Amino acid sequence: MRNLLRETRLHPHDFILPIFVNDGIQQATPIPSMPGVFNYPESRVGEVVRNVWDHGVQAVLLFGVTAKKDPVGGDTLGEDGLMARMIREAKSAAPELLVISDNCFCEYTDHGHCGVLRDGDVDNDATLENLGRQAVIAAKAGADLVAPSAMMDGQVAAMREELDDEGFPDVGIMSYSTKFASAFYGPFRDAVDSTFKGSRNTYQMDAANRREALDESLTDEEEGADILMVKPAMPYLDVIREIREATELPIAGYQVSGEYAMIKSAALSGALDEKAVALESLTSIKRAGADIVITYFALEAAEWIAAGA
Ligand code: PBG
């Protein structure tokens with residue numbers, strides 16, 4: 001009876017798995033604050049994405065962690081840079097897999113900000129120009145979707161225009177449209193070895209703002225986004241619902257590193273049942289209105305679902 005009446009179901013096709021690729025290591029390296037999540041060397045990308053596909057998960061979000069950090073994030077701006085190399089590698093190992101490129105600069109800049117700096121703060125418009133170039137490099141390398149996460153005003157329009165001008169009208173944009181300045185990204189910053197010390201409050205959103213949260217996503221829709229996103233997910237389920245009621249676009253909820261770490265560490269200490277809590281959290285994100293869930297639990301959840309969860 002419960003199965004017949006269930007309103008929200010999880011399926012491996014709902015998930016996007018984030019993957020960290022690090023050009024400065026030779027072996028898979030555990031991320032201490034995210035038990036079960038690794039930084040992978042470039043040589044392992046093919047194997048990792050084939051394993052994703054074998055789990056029935058059909059989309060990955062690639063993050064590059066470069067040893068070559070500089071003030072502009074130059075390792076994303078060339079066809080031989082880390083961003084382009086890892087996309088090509090993933091696409092050639094699993095051609096049917098949807099390969100999504102995280103488009104930002106914070107993993108590639110020596111100051112750790114999401115764009116270029118001027119007078120100690122991020123220069124929005126100069127960053128837009130670089131984001132447009134970066135999107136084209138990702139598209140040329142074979143990315144199916146680009147995912148701008150820098151939270152620069154106008155980034156979706158800038159990328160759409162560059163992609164169209166350069167002959168990539170079919171490459172879609174999954175925008176990190178409503179991205180909060182959140183303390184839940186802490187473990188991610190461990191993962192990408194960010195030297196970042198300041199705050200992103202000048203470009204990411206205030207956790208307290210609901211109307212602005214809606215406006216940010218609707219602005220990205222007008223600029224040409226194909227998929228909207230709310231990030232983090234669980235502390236912002238109300239925001240997912242609000243955007244769901246205001247748009248017909250697909251919505252992704254990003255269960256971020258801190259959400260994952262909370263569940264994992266509580267499970268490891270014996271306080272929570274990992275499988276039950278993870279599946280409940282993923283279900284809540286879909287129930288709130290997300291079509292897609294970006295989660296570090298993607299492979300485990302796919303296994304639990306295949307086993308009849
Ligand atoms: C920025 C980016 C961040 C995350 C994804 N893309 C970090 C930030 O904005 O500070 C966080 C993801 C997570 O915490 O899991 N490129």
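In this structure, Asp70 and Asp190 have a Cβ-Cβ separation that, at R0 = 30 Å, corresponds to a calculated FRET efficiency of about 0.90. Report summary: the helix-based calculation at 222 nm, which adds -39500 (n - 2.57) for every DSSP H run with n ≥ 4 and divides by the residues of the chain, gives -11500 deg cm²/dmol.
Tally Lys/Arg at +1 and Asp/Glu at -1 over every other residue whose Cβ is under 13 Å from the Cβ of Leu17; what's the total? Once positives and negatives cancel, what remains is -4.
Rounded to 0.05, the FRET efficiency of the Leu4 and Asp226 pair, given R0 = 30 Å and the Cβ-Cβ distance, is 0.30. The HN-Hα couplings worked out from phi for the range 245-253 by the Karplus form 6.51 cos²θ - 1.76 cosθ + 1.60 (θ = phi - 60°) are 7, 10, 8, 9, 6, x, 10, 10, x Hz, whole numbers, x standing for Gly and Pro.
Counted residue by residue at 0.36 nm each, then reduced by the alpha carbon distance between them, the extension gain from Arg241 to Arg50 reaches 65.4 nm. Taking amide H atoms as placed 1.01 Å from N in the peptide plane, the amide H of Asn39 lies under 5 Å from those of Thr29, Ile31, each 5 or more residues away in sequence or on another chain. Distances between placed amide hydrogens fall under 5 Å for Val65 paired with Val21, Asn22, Asp23, all partners being 5 or more residues away or on another chain.
On the basis of the beta-carbon distance and an R0 of 22 Å, Ser92 and Ala276 show a calculated FRET efficiency of 0.05. Paramagnetic label reach from Asp125 (point 7 Å along Cα→Cβ; backbone nitrogen cut-off under 15 Å): within the range 150-166, residues 153-155, 158. Between Asp165 and Arg211, the modelled labels are 3.5 nm apart [label points 7 Å from Cα along Cα→Cβ].
No value in this document is a laboratory result; all are computed from the given coordinates. The structure presented is a predicted model; accordingly, all values stated were derived computationally and were not measured. Glycine gets a Cβ as well: all are built from the backbone with ideal geometry, and neighbour counts include every protein chain shown.
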